[in-house]
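A.B. asks: To start, I am sharing the structure in question, which I have written as structure tokens.
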Amino acid sequence: MTVPEALRDPALRRFRLRRHRLHCAGGELSVVAPARGDDLLEGPRAAACLRSGQMPYWADIWPASVGMARALMRGPERAGCRALDLGCGIGVAGLAAGRRGAMVHFADLSPDALQFARFNSRGLPARVTFQQLDWSRETVDGSFDLLLLADVAYEERNSEPLARHLDRCLAPRGVGLLTDPYRAATDAFLDRLQGGDFTLDETRLDTAFGGQRFALRLVEIRRRTS
């Protein structure tokens, strides 16, 4: 995906755009995003953010999504796998799952985020779908083999809706993948899961992006079987 291609998309050409090339073990991911997330806090868009109380976090590429994408790209093929990218933003993690053959459902509160996810996922080999919803209040329908949770537990209030999605959406033999930069709010969420119906397997996952290195963790979440 390139900026000239994106500028032909009426939904995207309203933004100043930038292309990012994410180098992964299984190949390069090319994504288009707003040039600066802070641009969305200026002019008429700023008033809309203030009215809604929703900050445009979706417009930035977060290191945790880059780390997850790289983990997926060097991981197994996902042909036939049903994946949910919850709070997908511009779709980096879901794009990587799709490149590995997964059928990806992208879900986000922001319609603009979904327009970018739709553009960035063009040409994926398997079916992709998109859903706008407030996942803090609503729950995605369906059963998924793979739940992608890239830095979405950044506030304590997100713990309940994330646990609800794992409970209702994760297939019996499915796996949730969570990445984040060791946030305290995420610690509390993981403690809640471990004390309930899920098992956790945590590994260190450092990644480089934008000229910096980031210390991340990757947590595999599965239903407890006994």
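The values are calculated or read from the model by the stated rules, or taken from the named source; none is laboratory data. Since this is a predicted model, take the numbers as computed values, not measurements. Cβ coordinates were reconstructed from backbone atoms using ideal geometry, including for glycine residues, and neighbour counts include every protein chain displayed.
A.B. asks: Need pairs with beta-carbon distance below 6 Å; first residue free of Cβ contacts under 8 Å to residues at least 60 places away in the same chain and within segment 161-190, second crowded, with 17+ Cβ neighbours inside 10 Å and assigned to a helix (DSSP H, G or I); sequence gap 6+ or separate chains.
C.D. replies: Final answer for the pair search is G176/L166; F189/S159.
A.B. asks: If you don't mind, there's one more thing I want to ask. Quick check: anything in segment 116-127 surrounded by fewer than 23 Cβ atoms within 10 Å (Cβ to Cβ) and closer than 13 Å to C169 by Cβ?
C.D. replies: Looking for residues that are surrounded by fewer than 23 Cβ atoms within 10 Å (Cβ to Cβ) and closer than 13 Å to C169 by Cβ, one finds none in segment 116-127, hence no.
A.B. asks: Given D201, D167, D191, which one is part of a helix (DSSP H, G or I), at pLDDT 95 or above and not aliphatic (A, V, I, L, M)?
C.D. replies: D167 is the lone residue from the list that is part of a helix (DSSP H, G or I), at pLDDT 95 or above and not aliphatic (A, V, I, L, M).
A.B. asks: Pick from segment 51-84 the residues that are in contact with a Ser or Thr (Cβ under 9 Å, 6 or more places away or on another chain) and among the charged types (D, E, K, R): which of them is surrounded by the most Cβ atoms within 10 Å (Cβ to Cβ)?
C.D. replies: Here the answer is R70.
A.B. asks: When the residues of segment 181-226 are filtered to those that are within 15 Å of P63 (Cβ to Cβ) and in contact with a Leu (Cβ under 7 Å, 6 or more places away or on another chain), which remaining residue is surrounded by the fewest Cβ atoms within 10 Å (Cβ to Cβ)?
C.D. replies: Among them, the one singled out is D206.
A.B. asks: Still on this structure, please answer the following. If you scan segment 105-155, which residues turn out to be among the basic types (K, R), touching a strand residue (DSSP E or B) at 6+ places or on another chain (Cβ under 7 Å) and farther than 17 Å from S65 by Cα?
C.D. replies: The one that is among the basic types (K, R), touching a strand residue (DSSP E or B) at 6+ places or on another chain (Cβ under 7 Å) and farther than 17 Å from S65 by Cα: R127.
A.B. asks: If you check F130 against the conditions, is it surrounded by 15 or more Cβ atoms within 10 Å (Cβ to Cβ), closer than 20 Å to M73 by Cβ and out of contact with any Ser or Thr (no Cβ under 7 Å at 6 or more places or on another chain)?
C.D. replies: Against the criterion (surrounded by 15 or more Cβ atoms within 10 Å (Cβ to Cβ), closer than 20 Å to M73 by Cβ and out of contact with any Ser or Thr (no Cβ under 7 Å at 6 or more places or on another chain)), F130 does not qualify.
A.B. asks: I would also like to ask the following. Being hydroxyl-bearing (S, T, Y) and either in contact with a Pro (Cβ under 7 Å, 6 or more places away or on another chain) or closer than 23 Å to M73 by Cβ (or both) is true for just one of T203, T199, T225. Which residue is that?
C.D. replies: Answer to the check: T203.
A.B. asks: Just checking, which of R173, R222, R213 is at pLDDT 95 or above, part of a strand (DSSP E or B) and in contact with a Phe, Trp or Tyr (Cβ under 8 Å, 6 or more places away or on another chain)?
C.D. replies: R222
A.B. asks: Got a sec? Which of T129, T186 is among the β-branched types (V, I, T) and over 15 Å from the mean Cα position of the chain (by Cα)?
C.D. replies: Sole residue among the options that is among the β-branched types (V, I, T) and over 15 Å from the mean Cα position of the chain (by Cα): T186.
A.B. asks: Then there's this: Inspect all residues belonging to segment 135-153 and state whether any of them is over 20 Å from A97 (Cβ atoms), touching a Phe, Trp or Tyr at 6+ places or on another chain (Cβ under 9 Å) and surrounded by 13 or more Cβ atoms within 10 Å (Cβ to Cβ).
C.D. replies: Checked against the condition, which is being over 20 Å from A97 (Cβ atoms), touching a Phe, Trp or Tyr at 6+ places or on another chain (Cβ under 9 Å) and surrounded by 13 or more Cβ atoms within 10 Å (Cβ to Cβ), segment 135-153 yields no hits at all.
A.B. asks: Could you say which residue among A96, A102, A163 is more than 21 Å from P63 (Cβ to Cβ) and surrounded by 24 or more Cβ atoms within 10 Å (Cβ to Cβ)?
C.D. replies: Going through A96, A102, A163 in turn, just one is more than 21 Å from P63 (Cβ to Cβ) and surrounded by 24 or more Cβ atoms within 10 Å (Cβ to Cβ): A102.
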